[in-house]
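Following: one structure in structure tokens, then a few remarks.
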Amino acid sequence: MRDIMSIPPQELGKGSPIKVEILETRADVANDFARVMAAKIRENNALGKPTAFILPVGPTGQYRRLARLCNIEGISCRNLITINMDEYCLADGSLVPFDHPMGFRGFMEQEFFSLLDDDKKVRRENIIFPAPQDLEALPRKIEEIGGVDIAFGGIGINGHIAFNEAMSEEEISAEEFRELGTRLIDLAPETI
């Protein structure tokens, strides 16, 4: 099997129907991410149909940008359905508190949902996060709404892709892991 890190950039995506675009900076990634989301919401609004996204928390800069685009360009998110990819749990299996520094629900509220103008806000019933007590809820919801328009992947604080953890020889403590998140929050991308 070929080491994926040895694939030259110009070879990425060859032989695959998936388009690969390489962007130069984190700001470019956030801007493009927001642009793609805004375009799909605008397109579906014009067709009178809802938009459904599966969303990660990392990368992070796109959500403030998306809210700003929607507010400036008059793009309503009233019919946007966000199926948020993850949320951290405590040792007992319950969700971390809403205001936990590593919590995705609070992050999304602060960095996207609350930034939309009142007439453009996502309906509360369309903000969906995993429920540890019902692991089949997300697949049921996706089936109920007839699928999603786009599933965006995420890159986590330790380089994992969509919570598929990289194999590691070393183990870290819960405190060390928490520190990874704290450092990431401190290094948050520039605001728009």
Item checked: Count of residues meeting criterion [out of contact with any Ser or Thr (no Cβ under 7 Å at 6 or more places or on another chain), open to solvent by less than 40 Å² (accessible area, probe 1.4 Å) and either outside any loop (DSSP other than H, G, I, E, B) or of a type in the set (A, V, I, L, M, F, W, C) (or both)] in the stretch 112-138 -> 7
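So in the stretch 7-63, with the set limited to residues that are of a type in the set (Phe, Trp, Tyr) and part of a helix (DSSP H, G or I), which one is most open to solvent (accessible area, probe 1.4 Å)?
Per the criteria, the residue is PHE33.
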Margin query: Under 7 Å between Cβ atoms, which residue pairs at least 6 apart in sequence (or on different chains) link something in the stretch 134-157 that is closer than 21 Å to GLU43 by Cα with a partner that is open to solvent by less than 60 Å² (accessible area, probe 1.4 Å) and assigned to a loop (DSSP other than H, G, I, E, B)?
Written below: ILE142/VAL148; PHE152/PRO56
Note to self: Checking CYS70 against (1) in contact (Cβ under 8 Å) with a residue 24 or more places away in the chain; (2) farther than 17 Å from ALA34 by Cα, only one condition comes out false. Which one?
What the structure shows: (2)
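Look at PRO101 and say whether it is open to solvent by 50 Å² or more (accessible area, probe 1.4 Å), not acidic (Asp, Glu) and not in a strand (DSSP E or B). Walk me through how you get there before you give the answer.
Working: open to solvent by 50 Å² or more (accessible area, probe 1.4 Å): yes; not acidic (Asp, Glu): yes; not in a strand (DSSP E or B): yes.
When the stated conditions are applied, PRO101 passes them.
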Checklist line | Given (1) under 17 Å from LEU66 (Cα atoms); (2) of a type outside the set (Gly, Ala, Ser); (3) outside any helix (DSSP H, G or I), index of the condition PHE107 fails | finding: (3)
Checklist line | Hits in the stretch 70-98 - residues which are open to solvent by 50 Å² or more (accessible area, probe 1.4 Å), out of contact with any strand residue (DSSP E or B) (no Cβ under 9 Å at 6 or more places or on another chain) and either assigned to a helix (DSSP H, G or I) or at pLDDT below 95 (or both) | finding: ILE72, GLU73, LEU90, ALA91, ASP92, PRO97, PHE98
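The values are calculated or read from the model by the stated rules, or taken from the named source; none is laboratory data. All of these numbers come straight from a predicted model, not from anything done at the bench. When we count neighbours, we look across all protein chains shown, and the Cβ atoms used for this are built from the backbone with ideal geometry, even at glycine. Protein only, heavy atoms only, side chains kept; ligands, DNA and RNA dropped before computing areas. Shrake-Rupley method; radii C 1.70, N 1.55, O 1.52, S 1.80 Å.
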